[in-house]
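Enquirer: Quick one: the structure is below, and I'll ask about it shortly.
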Amino acid sequence: RGCNLTACSSKYVLSQMHPMWQGPLVVPGGDRQSPIDIVVRKSIFDSKLKPLVTKYDPHTCQQIWNNGYSFLVEYDDTTDKSTLQGGPMEDKFRLCQFHFHWGETNAWGSEHTVDKKLFPAELHLVHWNSDKYSLFEEAVMEDNGLAVIGVFLKVGKRHEGLQKLVDALPAIRHKDSVVEFNRFDPGCLLPTNTDDYWTYHGSLTTPPLTESVTWLIMKQHIEVSHEQLAVFRSLLFTSAEEDMQKSMVNNFRVQQPLRGRAVRSSFS
Ligand SMILES: NS(=O)(=O)c1ccc(NCc2ccco2)cc1
Ligand SMILES: [Zn+2]
């Protein structure tokens with residue numbers, strides 16, 4: 001099975017006082033946490049940054065499910081059929097899943113920001129280093145283990161490719177519901193220009209918050225309709241058994257300190 005966003009790992013004890021969603025207050029040695037604000041004028045153009053090369057096979061799509069944090073589309077990552085290479089990376093990375101973060105209104109919802117600008121939602125395409133590791137669970141603990149592509153969503157025209165995904169959401173309204181989902185090309189969710197991006201070394205934005213991610217944040221956003229985003233908000237954090245149904249909104253982490261990290265840009 002592809003990787004997944006599970007509940008926090010046993011490594012971190014969460015106090016009751018503080019929302020599970022934001023993860024532990026302090027991550028031991030956390031000096032490369034995500035998300036961050038990208039200060040455009042402080043980013044450094046690096047001409048050595050190559051274009052991203054994604055090769056996604058829609059047939060490796062397996063299922064879509066609600067894990068109580070977000071909904072995720074999982075891919076068969078037992079072979080190198082859906083891969084990412086290029087960019088700042090030396091190695092080949094395998095797609096294991098993609099998911100989103102969004103707000104209760106269109107005014108906020110993204111995890112990263114650009115000069116403090118918030119977007120209504122953000123897509124994360126999660127890949128792990130299959131040249132160096134043999135499983136996502138292994139790669140997630142290594143500092144060069146993961147590469148996540150972040151794409152900002154803006155409200156505008158309807159995204160035809162996204163609609164197939166939106167139509168499947170009512171079937172996974174509750175936490176832990178899963179439906180079979182196949183033949184979905186995640187490439188249709190990338191912006192037309194994937195040559196322009198910012199990159200920095202960070203972490204997972206949900207537990208276990210491990211500092212294993214090379215982030216690749218696209219400069220160009222994609223557009224989805226207000227109605228499509230509204231269906232995201234119809235999902236629930238809670239399982240069918242729970243009596244208090246909580247709508248799945250604001251599933252983003254607060255911004256983290258840069259701690260002196262450089263943010264590089266592939267464009268000037
Ligand atoms: N929002 S994100 O892209 O940084 C992200 C991506 C993947 C996981 N996975 C969490 C996990 C499961 C097992 C070990 O670790 C968590 C967060
Ligand atoms: Zn994410």
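The values are calculated or read from the model by the stated rules, or taken from the named source; none is laboratory data. Because the structure is predicted, anything quoted here is derived from the model rather than measured. FYI the Cβ positions are ideal-geometry reconstructions off the backbone, even for glycines, and counts take in every protein chain you see. The protein model used for the area step is the full one, side chains on, heavy atoms only, and it has no ligands, DNA or RNA in it. Shrake-Rupley method; radii C 1.70, N 1.55, O 1.52, S 1.80 Å.
Enquirer: Can you tell me which lysines have their Cα less than 16 Å from the Cα of Lys42? Leave out same-chain residues fewer than eight positions away.
Expert: Excluding near neighbours in sequence, the set is Lys116, Lys117, Lys219.
Enquirer: Taking the highest mean first, how do the peptides 121-127, 77-83 order by number of other beta carbon atoms within 10 angstrom per residue?
Expert: Final packing ranking: 121-127, 77-83.
Enquirer: Then there's this: For an R0 of 45 angstrom, estimate the FRET efficiency from the Cβ-Cβ distance between Ala107 and His59 and round to the nearest 0.05.
Expert: 0.75
Enquirer: How compact and how long is segment 114-220, expressed as Rg and Dmax of its alpha-carbon atoms in Å?
Expert: Values for segment 114-220 (Cα only, Rg and Dmax): 15.5, 41 Å.
Enquirer: What is the percent carbon and sulfur in the accessible area of segment 27-167, measuring with a 1.4 Å probe over the protein chains and ignoring ligands?
Expert: C and S fraction of accessible area: 53 percent.
Enquirer: If you look at just the Cα atoms of the chain, how large are its Rg and its Dmax in Å?
Expert: 17.3, 55
Enquirer: Further question: Before I look further, what does the chain give for accessible area per residue, probe 1.4 Å, in whole square angstrom?
Expert: 44 Å²
Enquirer: Right, next: Report the antiparallel proportion of the DSSP beta bridges in the chain as a percent, rounded to a multiple of 5.
Expert: Counting DSSP beta bridges with both partners in the chain, the antiparallel share is about 80 percent.
Enquirer: Same structure, new question: Under unit Cβ charges (Lys, Arg +1; Asp, Glu -1), what dipole magnitude, rounded to 20 debye, does segment 156-268 have relative to its Cα centre?
Expert: For segment 156-268, the charge dipole is close to 420 debye.
Enquirer: Leaving out ligands, DNA and RNA, what percent of the accessible area of segment 193-268 is carbon and sulfur, probe 1.4 Å?
Expert: 55 percent
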